[in-house]
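Input: a single structure, listed below in structure tokens.
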2 protein chains.
Amino acid sequence: MSPYSESLRVHFTGGEDGAWAIRSITPIAGAVSLAAAPRLHMAEGAATPRAGAWTLDGVTSHMRYTTTAEALKLRAVQPPLGRSAATRAALIPIGKSPTWWALAQDDRRAIYEERSRHTTIGMDYLPRIARRLHHSRDLGGPFDFLTWFEFAPEHEAAFDHMLARMRASEEWTFVDREVDVRLTRMT
Amino acid sequence: MSPYSESLRVHFTGGEDGAWAIRSITPIAGAVSLAAAPRLHMAEGAATPRAGAWTLDGVTSHMRYTTTAEALKLRAVQPPLGRSAATRAALIPIGKSPTWWALAQDDRRAIYEERSRHTTIGMDYLPRIARRLHHSRDLGGPFDFLTWFEFAPEHEAAFDHMLARMRASEEWTFVDREVDVRLTRMT
């Protein structure tokens, strides 16, 4: 049984408290951004989100494009969240265009992996970069996906390199909203 | 642009009022059912659901398994909701097992279509049966999918035949909760 198929509701709240200090909030694409806030609180489960400047709401879910062969490779090297050395994090909310969502499954899969190598690129940075994907399109928020990454400070340059490769891909031509939030763990 | 990729939040409320009279509520699989109620109210959009015996909440979304070739065939024959002759309806909430959700995309697709012929079977009943699928797994409700069907009274036997074929498929061995609600339009 894959742990990655479970539904876990997660609230990300930017505000006055939380375990993560927000170092930067950088709008990458689109008109939507997030207000400045000193801290980020991540709450797992169905609890009511705490008050803050903003809350983004997502849910972990089953894999939408990954094949069995890819999933086996990923599981062999994917690290968990919460590693003690992983004191840096990034929260990257993105939205994709109506054109993307109108594509059929086979077309989206072909762009995602056969042409943009999304999983293949990500694999190059494992196990340095821990990642958890949260879906938010069906929840009706301003973004479609909230991806949370954790890594040690010495791997932030590699993380930036991974993002540059992703953003240069055909898949990213369908990304019409993106914000890049960088964080440092305080507790 | 496919109209089927748009996100539309829909509340189904069983209670004292609504345009549809509930003729029967039949538990098909699993321990979960729905309380008896005389009427069903369907509300589209983000409005707060009205009070009632129960409310099920879903969202229309992009197609998860359909290929471009299948989508083109479907669009050519899929009828809209709200046809004046379609005075009968069915609401069929289902849930799938953790085993299903732990499968990778290629395995789920193979079971869904190559082995169970889900889209192919459905096509046999078009344009007699109008259908709208609502996703609810990411919303956290008791079911994963809420499917709404509309048809004329003379096509209810064909609808039953379609359901029997679906329920006999390999895909349905992963369905662990199912309720079958039948309705008649009153307004």
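Observations, loosely collected:
- One residue stands out among those in the stretch B:40-57 that are more than 9 Å from chain A (Cβ to nearest Cβ) and of a type in the set (Gly, Ala, Ser): the one that is most open to solvent (accessible area, probe 1.4 Å), which is B:ALA51.
- Hey, B:GLU6 acidic (Asp, Glu) and touching a Leu at 6+ places or on another chain (Cβ under 7 Å) or not: no
- Pairing residues of the stretch B:98-127 that are closer than 20 Å to B:ALA168 by Cβ and free of Cβ contacts under 8 Å to residues at least 60 places away in the same chain with residues that are assigned to a loop (DSSP other than H, G, I, E, B) and open to solvent by 60 Å² or more (accessible area, probe 1.4 Å), at Cβ distances under 8 Å and at least 6 apart in sequence or on separate chains, gives B:ARG115/B:GLU170; B:SER116/B:GLU170.
- Restricting attention to the stretch B:63-85, the residues that are open to solvent by less than 40 Å² (accessible area, probe 1.4 Å) and in contact with a Ser or Thr (Cβ under 8 Å, 6 or more places away or on another chain) add up to 6.
- Enumeration of residues in the stretch B:3-43 that are out of contact with any Lys or Arg (no Cβ under 7 Å at 6 or more places or on another chain) and part of a loop (DSSP other than H, G, I, E, B): B:GLU6, B:LEU8, B:ALA31, B:SER33, B:LEU34, B:ALA35, B:ALA36, B:ALA37, B:PRO38
- Qualifying residue in the stretch B:128-144 (condition: more than 26 Å from B:HIS41 (Cβ to Cβ) and not aliphatic (A, V, I, L, M)): no
- Strands (runs of 3 or more DSSP E) enclosed by the stretch A:86-187 - at least 2 residues per element that are within 14 Å of chain B (Cβ to nearest Cβ) and either more than 25 Å from A:ASP57 (Cα to Cα) or open to solvent by 10 Å² or more (accessible area, probe 1.4 Å) (or both): A:130-135
- The stretch A:7-25: number of residues that are open to solvent by less than 20 Å² (accessible area, probe 1.4 Å) and closer than 30 Å to B:LYS96 by Cβ: 3
- Look at (1) assigned to a loop (DSSP other than H, G, I, E, B); (2) under 21 Å from B:LEU183 (Cβ atoms) and you find that B:ALA46 fails only one, number (2).
- Scanning the stretch A:58-73 for residues that are more than 7 Å from chain B (Cβ to nearest Cβ) and within 19 Å of A:PRO93 (Cβ to Cβ) gives A:GLY58, A:THR60.
The values are calculated or read from the model by the stated rules, or taken from the named source; none is laboratory data. All of these numbers come straight from a predicted model, not from anything done at the bench. Don't worry about glycine lacking a Cβ; one is built from the backbone with ideal geometry, like all the others, and counts go over all protein chains shown. Heavy atoms of the whole protein, side chains included, go into the accessibility calculation; ligands, DNA and RNA do not. Shrake-Rupley method; radii C 1.70, N 1.55, O 1.52, S 1.80 Å.
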